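The values are calculated or read from the model by the stated rules, or taken from the named source; none is laboratory data. Please read these numbers as outputs of a predicted model, since none were measured by experiment. Note that we place each Cβ from the backbone using ideal geometry, even for glycine, and neighbour counts take in every protein chain shown.
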Amino acid sequence: MTRIFIRSLIFNVLFYLLLVFWILVALPTVVLPRRALIKVAKLWGQNSIWLMRMVCGTKVEFRGLEKIPQGPLIVAPKHQSMWETFALLQHFDEPLYILKRELTWIPFFGWLLVKADMIAINRQKGGRILMEMARRASEEVNRGRQLIIFPEGTRTAVGAPPHYKAGIAQIYSDCNVPCLPVALNSGLFWPRRQFMRYPGTIVVEFLDPLPAGLSRRQFIDVVSEKIETASNRLIEAGRREQEALFGSVPSAPSSEAPAVADRNASNQ
């Protein structure tokens, strides 16, 4: 594990230096059409994937690319890591994220978020946030953009019980476009709230799109079942790969262990 620690240290330093580099490269795009900035963001994502492979030995496999519909779309990925926030960009023409308003206040980086027309929300509005998100998302998606929204709202540790938010069902209903579920196992190799980056193969699987028009309850049931079933399959395959590489699966931090233990107990 000493070698993995050293590689993780090198990667983390280079990753953030690379981020600063691409922010500087992207600054001139504030006076150009949005597509110029999106192109730079995609290059940053691709470079970061390459860097992780070169330094950490972490490969990436994208499956089901042929299932990605053209045009306006809701993309619903499993969220285990920071990794998918940049790695998915390259596969969509006009990617769109919902983010907290405070991020737009960061010098340089925030300016780019504003230029990219991301949906920045004011969390102090309480219950009105959902209505505002749904309205803005519907406007942007129906202009032909692809909304990448994480159905659980935040990163969840591998093995933690899933909790899908009602907000995505509201947005799906208001946008009235197909939804593309996405399964992955990135949390095994870039765990949330951890310094370590592990070798192996991150697998992202684009699943069959859900048509527009499902009821909110039906949508949540179907999208969660599809994502969880496929993600669990990918996680088990990733664990087998880790066991072959290290002789064991890296353990979760102590703060996440109870959730994993609870899930394992419920499956017995």
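What tally of residues in segment 119-157 results from selecting those that are among the polar types (S, T, N, Q), within 30 Å of residue 191 (Cβ to Cβ) and in a loop (DSSP other than H, G, I, E, B)? Lay out the reasoning, then the answer.
Keep residues of segment 119-157 that are among the polar types (S, T, N, Q), which gives 122, 124, 138, 142, 146, 154, 156.
Now drop any that are not within 30 Å of residue 191 (Cβ to Cβ), which leaves 146, 154, 156.
From what's left, in a loop (DSSP other than H, G, I, E, B): 154, 156.
The total comes to 2.
Out of 114, 203, which single residue is aliphatic (A, V, I, L, M) and modelled with pLDDT of 95 or more? Outline the logic, then answer.
Working: 114 fails: modelled with pLDDT of 95 or more.
Exactly one of 114, 203 is aliphatic (A, V, I, L, M) and modelled with pLDDT of 95 or more, namely 203.
When you scan segment 164-183, do you find a residue that is surrounded by fewer than 23 Cβ atoms within 10 Å (Cβ to Cβ), under 30 Å from residue 27 (Cα atoms) and not small (Gly, Ala, Ser), even just one?
Scanning segment 164-183 turns up no residue that is surrounded by fewer than 23 Cβ atoms within 10 Å (Cβ to Cβ), under 30 Å from residue 27 (Cα atoms) and not small (Gly, Ala, Ser).
Does residue 3 satisfy the condition of being modelled with pLDDT under 95, of a type outside the set (A, V, I, L, M), over 18 Å from residue 117 (Cα atoms) and assigned to a helix (DSSP H, G or I)?
Details: modelled with pLDDT under 95: yes; of a type outside the set (A, V, I, L, M): yes; over 18 Å from residue 117 (Cα atoms): yes; assigned to a helix (DSSP H, G or I): yes.
Yes.
Results for (1) under 20 Å from residue 159 (Cβ atoms); (2) among the aromatic types (Phe, Trp, Tyr); (3) modelled with pLDDT under 95, shown as yes or no for each residue.
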site	(1), (2), (3)
207	no, no, no
210	no, no, no
218	no, no, no
233	yes, no, no
244	yes, no, yes
250	yes, no, yes
255	yes, no, yes
264	yes, no, yes
268	yes, no, yes
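When you scan segment 188-200, do you find a residue that is surrounded by 22 or more Cβ atoms within 10 Å (Cβ to Cβ) and in a helix (DSSP H, G or I), even just one?
Checked segment 188-200: at least one residue is surrounded by 22 or more Cβ atoms within 10 Å (Cβ to Cβ) and in a helix (DSSP H, G or I).
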